[in-house]
Structure formats: structure tokens, C-alpha cells
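S.K.: Below is a structure I'd like to ask you about.
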Amino acid sequence: ICPVDVSAMPLGTLPDIENVQAANVFLNDYAKEINRKPFFLALGLQKPHIPLKYPQQYL
């Protein structure tokens with residue numbers, strides 16, 4: 001297990017955190033549209049996998 005200090009990572013984040021935030025922005029923007037159509041959103045997360053890296057605050 002490898003907890004990481006997210007602030008010390010490049011860009012101060014982890015890829016999964018960035019992807020979840022981008023999906024959240026999309027969903028919030030889409031919810032504001034008047035003529036919404038059905039859609040499919042797939043979000044592949046990398047964690048956990050070897051090495052098991054995650055924000056240290058969750059240790």
C-alpha cells in the first residue's frame with residue numbers, strides 16, 4: 001500500500017481525481033441544458049492497482 005501526498009503529485013492531483021472532476025463538470029453542465037437527450041457516460045478508474053496509490057487522507 002502506498003499512500004501519497006496528493007499535493008506533492010504532478011499537478012497536485014491523481015488521474016482518477018481529475019477524471020471524476022471532469023465527469024462531474026460534464027454532468028452538471030448537461031443537467032442545465034433544456035433539450036437533454038439520453039447519453040451513456042463511461043468512466044474508467046485506474047485505482048486501485050499495483051502500486052496501490054491513494055490520497056494519504058484516506059489512510
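S.K.: Condition first: basic (Lys, Arg), at pLDDT below 85, exposed (fewer than 10 other Cβ atoms within 10 Å of the Cβ) and not in a loop (DSSP other than H, G, I, E, B). Now tell me which residues in segment 23-59 satisfy that. Break it down stepwise before answering.
M.R.: We begin by selecting, within segment 23-59, every residue basic (Lys, Arg); these are 32, 36-37, 47, 53.
Keeping just the survivors that are at pLDDT below 85 gives 36, 47, 53.
Next, only the ones that are exposed (fewer than 10 other Cβ atoms within 10 Å of the Cβ) stay: 36.
Scanning segment 23-59 gives no hits.
S.K.: How many residues, within segment 5-22, are surrounded by 10 or more Cβ atoms within 10 Å (Cβ to Cβ) and either touching a Gly at 6+ places or on another chain (Cβ under 8 Å) or part of a helix (DSSP H, G or I) (or both)? Give the derivation first.
M.R.: At the first step, the residues of segment 5-22 found to be surrounded by 10 or more Cβ atoms within 10 Å (Cβ to Cβ) are 5-6, 9, 12-22.
Next cut, either touching a Gly at 6+ places or on another chain (Cβ under 8 Å) or part of a helix (DSSP H, G or I) (or both) only: 6, 12, 15-22.
Total satisfying the criteria: 10.
The values are calculated or read from the model by the stated rules, or taken from the named source; none is laboratory data. On a predicted model such as this, the values are computed, not experimentally measured, just so you know. A quick note on method: Cβ atoms are made from the backbone with ideal geometry, for glycine too, and the neighbour counts reach across all protein chains shown.
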